[in-house]
Amino acid sequence: MKIVLLGAPGAGKGTVAKLLTDYDGSVQISTGDILRAAVKEGNELGKEAKAYMDRGDLVPDSLIMKIMEARLQEDDCQSGFILDGFPRTIPQAEALRELLKRLDIRLDMAVNLDVPKDVILDRLTTRRTCSNPDCQAIYNIKSNPPTAEGTCKKCGAPVIQRDDETEKAIMNRLETYNEKTAPLISFYEKEGLLKNILSLNSAETVEEIKKYLAG
Ligand code: AP5
């Protein structure tokens, strides 16, 4: 599959993307995970991105497009990809459209995960993430807790709260989403690619996406 996952912070893009990778071997490409791994490594990309991320602001489009242009041409993308957290602005969506045209790749669809705001706020304050950059499994202290010792069930690394999970950063991420990312819903509607799913249960959402893919 070749799909874009849209949705507010905490809508469940990462959770749904990870479930979808089991379906047909498509890779999850999360710009958030790529950036967090770079911050942890302390490389140039990480140094540049960290301040934006901690505030809950978007990282500049030029930096994101440089990452994604290279990433989408890696071999593992040939069997398909699930874009999680990208594109995030209209310029990114336009640049992606041009890039895919150039690479002769056709998107199957853009899925918008529609989740009520009170559910989103609750999910973001209760999320925990595996600190191992190669794992980054997503947990929730209410709906999907890690081990009683606070470690990852998959790799055993400590499970942590992200640096952008302060109340101030969460509010800023939601405002940034409304201003810069929500307009992508109409962008993909005009492209004839939009599927809107009321997403309260990730497993059911995955089944709906599979049905759309099967046509
Ligand atoms: P990113 O990592 O993309 O963060 P985000 O969009 O804010 O999304 P989240 O990861 O917070 O949420 P999610 O929708 O994946 O939800 P999840 O599955 O974890 O980006 C972080 C930062 O990086 C940005 O702020 C920006 O600075 C930068 N960045 C990244 N991409 C960029 C780009 N393209 N351009 C510019 N800057 C960029 O679920 C949330 C919680 O809910 C979890 O605890 C989960 O267990 C739980 N949950 C999920 N589904 C359910 C369910 N159905 N029922 C119960 N609980 C559920």
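A few comments on the model shown:
- Options Ile82, Ala148, Leu19, ranked by Cα towards positive dipole end of the chain, top entry (Cβ charges): Ala148
- The stretch 1-90 shape via C-alpha gyration tensor axes, a/c threshold 1.5: prolate
- Prolate/oblate/rounded label for the stretch 98-211 (Cα gyration tensor, a/c 1.5): prolate
- For the listed residue pairs Lys142/Lys195; Lys47/Lys180; Lys13/Lys117; Lys13/Lys195; Lys2/Lys180; Lys2/Lys195, the alpha carbons are over 18 angstrom apart in Lys142/Lys195; Lys47/Lys180; Lys2/Lys180.
- Using only side-chain charges placed at the Cβ, +1 for Lys and Arg and -1 for Asp and Glu, the dipole size of the stretch 1-126 relative to its Cα centre rounds to 200 debye.
- For the chain, share of DSSP beta bridges that run antiparallel, in % to the nearest 5: 30 percent
- The accessible-area ordering, largest first, of the residues Ile34, Ile141, Ile120 stands as Ile141, Ile34, Ile120, per a 1.4 angstrom probe.
- By accessible area, using a 1.4 Å probe on protein heavy atoms only, the stretch 100-215 has 49% of its surface on carbon and sulfur.
- GluC sites (Glu not before Pro) lying in DSSP loop within the stretch 1-108, provided at most 15 other Cβ fall within 10 Å: Glu74
- Centroid-to-centroid, using Cα positions, the stretch 36-83 and the stretch 192-215 are 26 Å apart.
- The heavy atoms of Lys47 present about 130 square angstrom of accessible area, all protein chains included, probe 1.4 Å.
- Relative contact order of the stretch 1-121, defined on C-alpha pairs under 8 angstrom at six or more residues apart (%): 50 percent
- From phi via Karplus (6.51, -1.76, 1.60), per-residue ³J(HN,Hα) for the stretch 151-166 in Hz, x at Gly/Pro: 10, 6, 6, 8, 10, x, 6, x, 9, 10, 8, 5, 5, 9, 9, 7
- When you filter the trypsin sites (Lys or Arg not before Pro) in the stretch 100-177 for DSSP loop state and at most 15 other Cβ atoms inside 10 Å of their Cβ, you are left with Arg106, Lys142, Lys153, Lys154.
- Gaussian network model of the chain, springs between alpha carbon atoms under 10 Å - residue of Leu58, Leu99, Leu83 with greatest fluctuation: Leu99
- Per-residue [θ]222 nm for the chain (sum of -39500 (n - 2.57) over DSSP H runs n ≥ 4, rounded to 500): -14000 deg cm²/dmol
- Rolling a 1.4 Å probe across the protein heavy atoms gives the stretch 72-215 an accessible surface of 56 Å² per residue.
- Pairs of Cα atoms nearer than 8 Å and 6+ residues apart set the relative contact order; for the chain it is 31 percent.
- Rounded to the nearest 20, the Cβ-based charge dipole of the chain about its Cα centre (Lys and Arg +1, Asp and Glu -1) stands at 200 debye.
- Using a Förster distance of 41 Å, the FRET efficiency for Asp104-Thr151 (Cβ separation, nearest 0.05): 0.40
The values are calculated or read from the model by the stated rules, or taken from the named source; none is laboratory data. In this text the structure is predicted, and so the values were computed from the model without any measurement. Every residue, glycine as well, gets a Cβ built from its backbone with ideal geometry; the counts of neighbours run over all protein chains shown. Just so you know, the surface numbers come from the protein's heavy atoms only, side chains and all, with ligands and any DNA or RNA stripped out. Shrake-Rupley method; radii C 1.70, N 1.55, O 1.52, S 1.80 Å.
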